[in-house]
Amino acid sequence: MPKLIAANWKMNKTIKESISFIEEFKKITKNIGNAEIVVCPPFTLLHEIKKLLKNSDIKLGAQNMHFEDAGAYTGEISPLMLKEIGCEYVILGHSERREIFNEDDFLINKKTISALNHGLKPILCIGENLEQRKNAKTEEVIENQLRNCLKNIDKNQIAEITIAYEPVWAISRGDPNHRAATKEDAEEGHQFIRNIVAALYDENTAEKTRIIYGGSMKPENAKELLAMPNIDGGLVGNASLKAESFAEIVRAAK
Ligand code: 13P
């Protein structure tokens, strides 16, 4: 299974900026390894970027969606709209959605089911915050998030889901010097997640589930993180905003 390297641009870039990123990124990532690459820009850029990605292996993802197909939900975007525009992936349950916009596991579970029903591949984010980690609640938090968010999702569907372990304390929030989790701490989290997936489904399913790491992944640490046995890729925020630094991470995903 190739590693998955996904860019989460969060609320960054204008159309003009995104065009020059994609043009440069396409050039420098030609023939650089076999990672699966996904770009998840803000909604306003999806259409333009889809056009630019024609004849390229780079895939398109959104950062969020509503679970309904259509209706009176001011300001929301539906899975039908994402499919129509050409998204293959959708990030769900990001900690910024959970913390700033009060999304809970119940809602994220509904979104995950809806995405699967529409043929979108969820990148399901989980992870503990600093206080939970300090209080030795990491495993409890991760296990609860997984159990709740994967409720009523069967074994065949889990194959379409990528789990992103994003310890909230490791997320840069735009600070390029912010510290990532150590490779050992990240690996421990990933191993634990795989064990829970095995408990919820079975060993074979757990082996095949892609679990990617997010939280200050950058060119300086990507290689060592991605070399860990249970780290199957990365969800990259700040370091994905520049084509060269995102390409460097893709290169590290051998
Ligand atoms: P950073 O890479 O900026 O820490 O962001 C990680 C993240 O939140 C990706 O979803």
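The values are calculated or read from the model by the stated rules, or taken from the named source; none is laboratory data. None of the values given here were measured: they were computed from a predicted structure. FYI the Cβ positions are ideal-geometry reconstructions off the backbone, even for glycines, and counts take in every protein chain you see.
Annotation note: of E160, E184, E188, E140, the sole residue that is assigned to a helix (DSSP H, G or I) and surrounded by 13 or more Cβ atoms within 10 Å (Cβ to Cβ) is E188. Considering only residues in region 194-217 that are away from the ligand (no atom under 16 Å from the Cβ) and among the aliphatic types (A, V, I, L, M), the one that is surrounded by the most Cβ atoms within 10 Å (Cβ to Cβ) turns out to be V197. For region 81-97, a residue qualifies if it is touching a residue at least 12 places away in the same chain (Cβ under 8 Å), under 13 Å from H118 (Cα atoms) and charged (D, E, K, R), and the qualifying residues are K83, E88. In region 105-130, the residues that are at positive phi reach residues that are within 16 Å of the ligand (Cβ to nearest atom) and of a type outside the set (S, T, N, Q) with C-beta atoms within less than 6 angstrom, at least six apart or across chains, in these pairs: G127/Y165; G127/E166; G127/P167; G127/V168.
Taking only region 221-246 into account, find how many residues are closer than 22 Å to M11 by Cα and more than 15 Å from the ligand (Cβ to nearest atom). Residues flagged as closer than 22 Å to M11 by Cα and more than 15 Å from the ligand (Cβ to nearest atom) within region 221-246 amount to 2. Against the numbered list (1) under 18 Å from the mean Cα position of the chain (by Cα); (2) modelled with pLDDT of 95 or more, A198 comes up short only at (1). Note on region 113-132: residues that are surrounded by 15 or more Cβ atoms within 10 Å (Cβ to Cβ) and within 16 Å of the ligand (Cβ to nearest atom) total 9.
The strands (runs of 3 or more DSSP E) falling completely within region 1-108 that include 3 or more residues that are within 16 Å of the ligand (Cβ to nearest atom), closer than 24 Å to A164 by Cα and touching a helix residue (DSSP H, G or I) at 6+ places or on another chain (Cβ under 8 Å) map to 4-8. For region 220-250, a residue qualifies if it is farther than 19 Å from G61 by Cα and either in contact with a Pro (Cβ under 7 Å, 6 or more places away or on another chain) or crowded, with 17+ Cβ neighbours inside 10 Å (or both), and the qualifying residues are N221, A222, L225, L226, N230, I231, S245, E248.
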